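Okay, so here's the structure we're looking at.
Every number in this text was worked out from the coordinates using simple rules, so none of it is lab data. Computed from a prediction, not measured in an experiment: that's the story for all the values here. Note that each Cβ is placed from the backbone with ideal geometry, even for glycine, and that neighbours are counted across all protein chains shown.
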Amino acid sequence: MTNTLTIEHIELFKLSIPLIEPFVTSLGTDENAENVIVKITTKEGIVGFGECSPYMPINGESQETCFIVGQYFAKAIKGKNALDIESCVTLMDKIIYANNSIKSAFDIALYDIAAQHAGVPLYKFIGGENNKTIITDYTVSVGDPKKMAADAVKIKEQGYPAIKVKLGLNGKTDVIRMKGIREAVGNDIPLRIDANQGWEVEEAIETLKALAPFNIQHCEEPIARWNYLQLPRVNKESPIPIMADECCGDEHDAERLIQLKACKYMNIKLGKSGGIFKALKMARMAEAANIHLQVGAMLESRLAMTAFAHYALCSPAIIHFDFDTALMFSEDPVTGGIVYEKNGVVKVPETVGLGASIDATRLAGMEQVKI
């Protein structure tokens with residue numbers, strides 16, 4: 001088997017899809033998914049797909065910036081060996097700092113090609129096993145406490161085994177929000193919360209202590225990401241386990257958080273790490289430090305979500321899955337890919353490679369560029 005597949009051309013597409021209803025966090029309101037699709041074709045005829053969902057408040061990228069920066073990457077890696085993923089990732093990092101969202105789309109497409117070339121599903125190519133049941137939670141947007149409680153009841157009635165709740169808009173009101181939700185859904189369903197950096201340090205500690213009676217599994221990113229040196233204190237004083245999210249981007253962030261003993265969980269998103277290559281390093285770090293992981297998402301379609309699910313099978317440290325945002329789309333443009341079954345269960349495809357794509361007809365209607 002040859003160890004070289006030459007990248008012949010790369011296409012970038014703007015994927016824009018309205019959400020069924022607005023998705024609201026402490027960082028803002030989203031009404032549409034504004035994503036970028038990357039399609040890499042090799043001279044040998046293997047095609048790889050990747051996708052990113054840039055989010056300006058978190059990774060400082062937009063659909064427009066990804067579309068432009070992606071063209072720099074496409075020109076640089078055209079003619080390179082698609083199977084030498086490390087060299088391609090290193091080259092992208094040399095071209096521009098950060099921009100991890102669009103880097104992740106290229107990374108996913110390269111892993112798709114490599115796994116197809118190896119003749120195995122992506123999870124197997126990265127050393128994983130399809131030996132765990134992936135079950136996604138479903139998220140309640142932050143807002144009016146009564147509406148949040150009603151939304152939580154709907155999620156429970158739909159059979160999801162855990163409810164994630166967006167908070168971070170005033171700690172005292174957040175306690176009222178969670179009290180109403182717990183009373184509405186009862187005590188038998190796990191609740192998870194995400195403040196999206198919305199609390200000040202003292203407010204976070206006070207709020208987390210007040211929320212302790214509501215039996216909450218964990219809290220994501222309680223304080224500002226730049227204030228990570230205070231996270232160990234919050235982690236120590238909180239009765240609710242802390243999960244690092246926005247402050248945990250790539251493997252360097254993970255190493256820092258582990259050394260600081262800043263959290264009990266980390267939330268890995270390929271759009272923050274820059275893709276699978278670096279996320280695999282993060283999983284190994286977490287295993288060594290006995291830290292459990294969640295794999296999360298921005299507003300990706302089932303295409304990138306399929307990559308997340310493959311990645312989620314790479315490590316026993318990954319125990320939580322936040323794969324609900326693709327279900328919020330008003331339409332599904334993806335062929336193949338993960339299947340959402342009853343009660344939040346997510347089935348990973350056993351086809352070679354990523355196992356997800358977007359057909360030519362759908363791609364033809366998007367704004368695009370070919371390098």
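The figures follow:
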| item | result |
| --- | --- |
| Condition broken by E44, with the remaining ones in (1) part of a strand (DSSP E or B); (2) surrounded by fewer than 19 Cβ atoms within 10 Å (Cβ to Cβ) satisfied | (1) |
| Residue among S357, S301 that alone is surrounded by fewer than 23 Cβ atoms within 10 Å (Cβ to Cβ) and of a type in the set (S, T, N, Q) | S357 |
| When residues of region 47-69 are limited to those that are part of a helix (DSSP H, G or I) and without any contact (Cβ under 8 Å) to a residue 60 or more places away in the chain, the one surrounded by the most Cβ atoms within 10 Å (Cβ to Cβ) | C66 |
| Those residues of region 343-369 which are more than 28 Å from F125 (Cα to Cα) and either touching a strand residue (DSSP E or B) at 6+ places or on another chain (Cβ under 9 Å) or not hydroxyl-bearing (S, T, Y) (or both), in sequence order | N343, R362, A364, G365, M366, E367, Q368, V369 |
| Residue match in region 308-323 (condition: part of a strand (DSSP E or B), of a type in the set (G, A, S) and surrounded by 21 or more Cβ atoms within 10 Å (Cβ to Cβ)) | no |
| Count - residues of region 24-41 that are part of a strand (DSSP E or B) and either within 26 Å of T361 (Cα to Cα) or touching a Leu at 6+ places or on another chain (Cβ under 7 Å) (or both) | 12 |
| Pairs where the first residue, in region 338-349, is under 16 Å from L313 (Cα atoms) and the second is loosely packed, with under 13 Cβ neighbours inside 10 Å and polar (S, T, N, Q), C-beta under 9 Å, 6+ apart | V345/T133; V346/T133 |
| E331 being crowded, with 23+ Cβ neighbours inside 10 Å and part of a loop (DSSP other than H, G, I, E, B) | no |
| Cβ pairs under 6 Å, 6+ apart, first in region 135-155 and touching a residue at least 60 places away in the same chain (Cβ under 8 Å), second among the small types (G, A, S) and in a helix (DSSP H, G or I) | I135/G344; T136/G344 |
| Positions within region 92-120 being over 17 Å from A82 (Cα atoms), out of contact with any strand residue (DSSP E or B) (no Cβ under 7 Å at 6 or more places or on another chain) and not hydrophobic (A, V, I, L, M, F, W, C), in sequence order | K94, Y97, N99, N100 |
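Here is a yes/no grid of residues against (1) within 21 Å of L191 (Cα to Cα); (2) part of a loop (DSSP other than H, G, I, E, B); (3) without any contact (Cβ under 8 Å) to a residue 24 or more places away in the chain:
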residue	(1), (2), (3)
L208	yes, no, no
A212	yes, no, no
W226	no, no, yes
P239	yes, yes, no
D253	no, no, yes
L257	no, no, no
C263	yes, yes, no
M266	yes, no, no
G271	no, no, no
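Yes/no matrix, rows are residues, columns are (1) within 14 Å of A244 (Cβ to Cβ); (2) among the hydroxyl-bearing types (S, T, Y); (3) within 9 Å of the chain's Cα centre (by Cα):
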| site | (1), (2), (3) |
| --- | --- |
| G274 | no, no, no |
| A283 | no, no, no |
| V295 | yes, no, yes |
| M305 | no, no, yes |
| Y311 | no, yes, no |
| P316 | no, no, no |
